[in-house]
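The values are calculated or read from the model by the stated rules, or taken from the named source; none is laboratory data. Fair warning: this is a prediction, and the values are worked out from it, not measured in the lab. Cβ: placed from backbone, ideal geometry, glycine included. Neighbour counts: every protein chain shown. Keep in mind that these areas ignore ligands, DNA and RNA; they rest on the heavy atoms of the full protein, side chains included. Shrake-Rupley method; radii C 1.70, N 1.55, O 1.52, S 1.80 Å.
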Amino acid sequence: MRTATQLGSLLSLAAFACACSGGDEQTGEVQFELLTWWSQKSELDAIDAAIAVNDAKHPHVHIRVLTADSQGAMANDVQTRLATGTPPTAYQANLGGNALQWQDSALPLSSRAVAWRGAFNDSILERVSVAGDLIAVPLALTRQNNAYYNLSVLADAGLEIPEGRDELGAWLAALSDKGYTHPICMGDQHNWVSAHVLFEDIVPGYVGADFSQDFWSGKLDADDPALSDALDYAATLNPYYNTDFADLDWDKGLLRVMDRAKDPAEQCVVAPMGDWGGAVLADSYAYDKDFTQRSWPGAEKLFVLAGDAFMTTRGVKDEDAALDFFDTLASEEGQVAFNAKKGSVPARTLPQELRSSFGPLTRANLDDLAAGTALPAFKVLGSGSFPWDDLAKLTHDFMLVGDKAPLIAFIAKNYDKLSR
């Protein structure tokens, strides 16, 4: 088992890269670094599982995982490395604009990917392609619009899991009457969770897949009344969030769903989070005994998806080793090893008999994907040039005070950037 090295500073990254990139030409040994913003045990275990598959195929290649403090910190590290002529050998990217922002420096993979690209849906590959040229290997599809429920608290309250917006409203009112006045929990210390909940759970469930896809692709008007109405609805949910959500990191906010509070007013009952949240909960709690998973109420027919990929850069020293590793990530064995650990849906189409390799949470997501409408998440659809971090700060404020005007004005000001 490898232990990921935390990127505490740019200086430490540069020093580490100089020490660990490349290898011993006499022995044929190769060492290179893999940059990621993942830090949870389930995420790092998943990377280890994929690397173990690569170890068996290429025992002379040794991969060191470097984990950044955040997605933004990793992007800054990559940018600096590119500017100083010390490009990273392999690094993580999200499908869509996050990956495409690196298109000018990315090494094209299409000629190497001939053996495996046919196993991936074209709609997935196009999110990491420029003018038909593949620049990253898709590894995992993440289900964004899950909700996790504490079964014990539900039983105590005598309530079922709600379906649809109307049932959710009645359910929240019934919980409030029983003293559970803040039953929805999240941790938004770094702002991205509020944007995730608002634009991948609540708004798509209100406006539907077609509007969401067109809006975040830059095809509509920024002040479309459908978005305004959805935000009005979203504001009605604000009073039900945990009062400390602004002070908690995402995992602490998620895990509050399993805490038993002495005061019902502080008792969480449901936590919205993507499929990675299920993997975190399953580390300590039993699925369908302690907690269960459903689609966010109102978005039951949608499978809102993002995804993760890895890419490399032109001129990198260990190009062949990186491309061999990407072949491993694209293989059936690599996809199963990674996604079975992380709890995500494989980006590659796999035969039915391999479903048994995955746990019940992932199998449930696979069923929902097969039965529902796949909707790329808002940041997958929009361009990487859109100021997503600033948008997230405004969604955080919106969930605190409920004023939609600054959010709409900001989107309107930057709407043209969505389609660049």
Amide H to amide H under 5 Å from VAL65: which residues, 5+ apart in sequence or cross-chain, H placed 1.01 Å off N in plane? THR5, LEU34
Would you mind checking the tilt of helix 225-235 against the longest principal axis of the Cα atoms of the chain, expressed as 0 to 90 degrees and rounded to 10? 70 degrees
Compute, for TYR415, the solvent-accessible surface of its heavy atoms (probe 1.4 Å) with the complete set of protein chains present, and express it in square angstrom to the nearest 10. 20 Å²
With every protein chain kept in place and a 1.4 Å probe, the residues ASP201, ASP390, ASP327 fall, from largest accessible area down, as ASP390, ASP327, ASP201
List the residues whose amide H sits under 5 Å from the amide H of ALA90, counting only those 5 or more places along or on another chain, with H placed 1.01 Å from N in the peptide plane. GLU33, LEU35
For the chain: accessible area per residue (Å², 1.4 Å): 40 Å²
Ignoring any ligand, DNA or RNA, what whole percent of the accessible area of the stretch 280-420 comes from carbon and sulfur when the probe is 1.4 angstrom? 48 percent
What full-extension length gain, to one decimal in nm, is calculated for ASP45 and SER176 as 0.36 nm per residue of separation minus the Cα-Cα distance? 43.2 nm
Among GLY169, GLY97, GLY187, which one shows the highest mean-square fluctuation when the chain is modelled as a Gaussian network with alpha-carbon springs under 10 Å? GLY169
Approximate spin-label separation LEU400-ALA261, in nm, with each point projected 7 Å along Cα-to-Cβ: 1.9 nm
Relative contact order [Cα under 8 Å, 6+ residues apart], the chain, whole percent: 26 percent
Let me have the 222 nm mean residue ellipticity of the chain computed from DSSP H runs of 4+ only, each contributing -39500 (n - 2.57), with the sum over all residues rounded to the nearest 500. -12000 deg cm²/dmol
Compare GLY118, GLY402, GLY343 in a GNM of the chain, Cα atoms joined below 10 Å, and give the one with the largest fluctuation. GLY118
What residues qualify as long-range amide H neighbours of THR373, i.e. H under 5 Å apart, gap of 5 or more or another chain, H built at 1.01 Å from N? LEU302, PHE303
Listed residue pairs exceeding 27 Å between alpha carbons, taken from LYS41/LYS289; LYS301/LYS393; LYS219/LYS341: LYS301/LYS393; LYS219/LYS341
VAL130 to ASP221: FRET efficiency via 1/(1 + (r/R0)^6), r the Cβ-Cβ distance, R0 25 Å, to the nearest 0.05? 0.35
If r is the Cβ-Cβ distance from ASP390 to ASP416 and R0 is 22 Å, what FRET efficiency results, to the nearest 0.05? 0.90
Please find, in a Gaussian network model of the chain (springs between Cα atoms separated by less than 10 Å), the residue of PRO138, PRO204, PRO264 whose mean-square fluctuation is greatest. PRO264
Going by alpha carbons, how many degrees (0 to 90, nearest 10) lie between the helix axis of 388-401 and the longest principal axis of the chain? 20 degrees
Sorted by accessible area (1.4 Å probe), largest first, how do THR328, THR84 line up? THR84, THR328
Rounded to 10°, Cα long-axis angle of helix 405-414 versus longest principal axis of the chain: 30 degrees
Phi-based couplings in Hz for the stretch 150-164 (Karplus 6.51, -1.76, 1.60; Gly and Pro marked x): 7, 5, 5, 5, 4, 5, 4, 7, x, 10, 8, 6, x, 10, x
Measure off, as a whole percent, the carbon and sulfur share of the 1.4 Å-probe accessible area of the stretch 53-111, all protein chains present. 51 percent
Pop out the ³J(HN,Hα) list for the stretch 130-145 in order, Karplus 6.51 cos²θ - 1.76 cosθ + 1.60 with θ = phi - 60°, rounded to Hz; leave Gly and Pro as x. 10, 6, x, 9, 6, 10, 7, 9, x, 10, 8, 9, 9, 6, 8, 9
Across the stretch 190-196, in residue order, what do the Karplus-derived ³J(HN,Hα) couplings come to in whole Hz, using 6.51 cos²θ - 1.76 cosθ + 1.60 with θ = phi - 60° and x for Gly and Pro? 10, 6, 5, 5, 4, 5, 4
